[in-house]
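Q: Just dropping this structure here.
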Amino acid sequence: MMDEETTDEILDGSLKIRQSRRGYRFNLDSLILAHFASLKPRSVNLDLGCGNGVIALVLARHYTQSRWHGLEVQEKLAALAEKNVQDNDLERRVIIDVGDAQDIKKIYEPHFFDNIIFNPPYRKINSGRINPLEEKAVARHEIKGSLADFLAASRYLLKPKGRVFTIYPARRLVELVFLFRKNDMEPKRMKLVFSDAASDAAFVLAEGRWGSREELKMEPPLFIYEAHKKYTGDMKNIFSELASAREASGG
């Protein structure tokens, strides 16, 4: 089993993350999304579709008073996430659960969470080649869950005025806003993400609040790379800030 995993130190060595060598591996999207989220002290939060648990672990360490659940439909990934929780000594504040977002009422009580964060599968089943490795296929394609499923689950799980944080392809921004509002999530904050200054927008970061009034803040865009594929100053700041511990944030 160990030969099928790698252990990677991230954020200046503040976390060790076991990952499948050939299956699902987290990427920059997860760290960018984690940095976009803002949590209040002692909040109770859910990483929906948590994969190997990287977002919950990053934010549990960053927000030292926060508590987390991670829900993952794939049992092997959930087991890997549980190992990561133990390896980073976060068992007191991070719990990994196995389950399907489409069966959320069988897993959690309603209105249990202050915030829900997710990086959902966003490739339609009939678009592009589906990876032959099931772990990757489920993580990337809308096979066992979609943005619509995750938002419906969030509506059931969030406390009044609770918030969701997500990242989604920029080309599907209209769909994202439509699904937010269909589930009574008002878009409150957005940021476009570009690979570099010469590229079209690749992703949009979005914060929605359940039952809130209409008012959207469009934040300055994020550019990942400058010349010669070097990280921009903004990206370096993201890594540095996530590596630090803090007690609270605004919102």
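Q: Restricting the search to region 186-234, which residues are without any contact (Cβ under 8 Å) to a residue 24 or more places away in the chain and of a type outside the set (A, V, I, L, M, F, W, C)?
A: Those that are without any contact (Cβ under 8 Å) to a residue 24 or more places away in the chain and of a type outside the set (A, V, I, L, M, F, W, C): S199, H228, K229, K230, Y231, T232, G233, D234.
Q: Mind checking which residues of region 27-48 are over 15 Å from F113 (Cα atoms), in contact (Cβ under 8 Å) with a residue 24 or more places away in the chain and not aliphatic (A, V, I, L, M)?
A: Step one: of region 27-48, the residues over 15 Å from F113 (Cα atoms) are 27-36.
After this cut, where a residue has to be in contact (Cβ under 8 Å) with a residue 24 or more places away in the chain as well, the list is 28-36.
Passing the criteria: D29, S30, H35, F36.
Q: Among the strands (runs of 3 or more DSSP E) contained in region 1-61, which hold 1 or more residues that are open to solvent by 10 Å² or more (accessible area, probe 1.4 Å) and modelled with pLDDT under 95?
A: On the way: elements: 5-10, 15-20, 44-48.
In region 1-61, the matching strands (runs of 3 or more DSSP E) lie at 5-10, 15-20.
Q: Kindly establish whether A202 is more than 23 Å from Y156 (Cα to Cα), modelled with pLDDT of 95 or more and either among the hydrophobic types (A, V, I, L, M, F, W, C) or open to solvent by less than 70 Å² (accessible area, probe 1.4 Å) (or both).
A: Values: more than 23 Å from Y156 (Cα to Cα): yes; modelled with pLDDT of 95 or more: yes; either among the hydrophobic types (A, V, I, L, M, F, W, C) or open to solvent by less than 70 Å² (accessible area, probe 1.4 Å) (or both): yes.
Yes: the conditions hold for A202.
Q: Then there's this: Counting only residues that are within 19 Å of the chain's Cα centre (by Cα) and part of a strand (DSSP E or B), how many does region 208-222 have?
A: 4
Q: Let me ask something else about it. Looking at region 70-77, is at least one residue assigned to a loop (DSSP other than H, G, I, E, B) and under 30 Å from D234 (Cβ atoms)? Give the derivation first.
A: Initially, region 70-77 is screened for residues assigned to a loop (DSSP other than H, G, I, E, B), giving 73-74.
Next, from what is left, pick out any that are under 30 Å from D234 (Cβ atoms): none.
No; the residues of region 70-77 include none that is assigned to a loop (DSSP other than H, G, I, E, B) and under 30 Å from D234 (Cβ atoms).
Q: May I pose another question? Give the residue that is least open to solvent (accessible area, probe 1.4 Å), with candidates limited to residues of region 218-241 that are out of contact with any Ser or Thr (no Cβ under 7 Å at 6 or more places or on another chain) and among the hydroxyl-bearing types (S, T, Y). Spell out how you get there, then give the answer.
A: Within region 218-241, the first condition is being out of contact with any Ser or Thr (no Cβ under 7 Å at 6 or more places or on another chain), and the residues that meet it are 218-222, 227-241.
Restricting the remaining residues to those that are among the hydroxyl-bearing types (S, T, Y) gives 231-232, 240.
Details: Y231: 83, T232: 18, S240: 71 Å².
Per the criteria, the residue is T232.
Q: Tell me, yes or no, whether region 176-188 has at least one residue that is over 17 Å from the mean Cα position of the chain (by Cα) and more than 22 Å from L46 (Cα to Cα).
A: yes
Q: Okay, moving on. Of all residues in region 62-96 being in contact (Cβ under 8 Å) with a residue 40 or more places away in the chain and under 20 Å from D149 (Cβ atoms), which is least open to solvent (accessible area, probe 1.4 Å)? Let's see the steps before the verdict.
A: Step one: filter region 62-96 for residues in contact (Cβ under 8 Å) with a residue 40 or more places away in the chain, giving 62-65, 69, 73-74, 76-77, 80, 83-84, 87-88, 94, 96.
Next cut, under 20 Å from D149 (Cβ atoms) only: 69, 73-74, 77, 96.
Details: H69: 34, V73: 44, Q74: 25, L77: 4, I96: 27 Å².
The selected residue is L77.
Q: Could you please give the count of residues in region 99-132 that are open to solvent by 80 Å² or more (accessible area, probe 1.4 Å) and modelled with pLDDT of 95 or more? Spell out how you get there, then give the answer.
A: First, pick out the residues of region 99-132 that are open to solvent by 80 Å² or more (accessible area, probe 1.4 Å): 102, 105-106, 109, 111-112, 123-126, 129, 132.
In the following step, the residues that additionally are modelled with pLDDT of 95 or more were identified as 105-106, 109, 111-112.
Count: 5.
Q: A further question follows. Considering region 171-185 alone, what residues qualify as being part of a helix (DSSP H, G or I) and crowded, with 17+ Cβ neighbours inside 10 Å?
A: At the first step, the residues of region 171-185 found to be part of a helix (DSSP H, G or I) are 171-182.
Once the filter is applied, which keeps residues that are part of a helix (DSSP H, G or I) and crowded, with 17+ Cβ neighbours inside 10 Å, region 171-185 yields L173, L176, V177, L179, F180.
Q: To continue, here is another question. Name every residue in region 82-93 that is out of contact with any helix residue (DSSP H, G or I) (no Cβ under 8 Å at 6 or more places or on another chain) and either more than 19 Å from A245 (Cα to Cα) or in a helix (DSSP H, G or I) (or both), in order of residue number. Quick ask: steps written out before the conclusion?
A: Taking region 82-93 first, the residues out of contact with any helix residue (DSSP H, G or I) (no Cβ under 8 Å at 6 or more places or on another chain) are 82-83, 86-87, 89, 92.
Matches in region 82-93: E82, K83, Q86, D87.
The values are calculated or read from the model by the stated rules, or taken from the named source; none is laboratory data. In this text, all values refer to a predicted model and were calculated from it rather than measured experimentally. No Cβ is skipped: glycine too gets one built from the backbone with ideal geometry, and neighbour counts run over all protein chains shown. Keep in mind that these areas ignore ligands, DNA and RNA; they rest on the heavy atoms of the full protein, side chains included. Shrake-Rupley method; radii C 1.70, N 1.55, O 1.52, S 1.80 Å.
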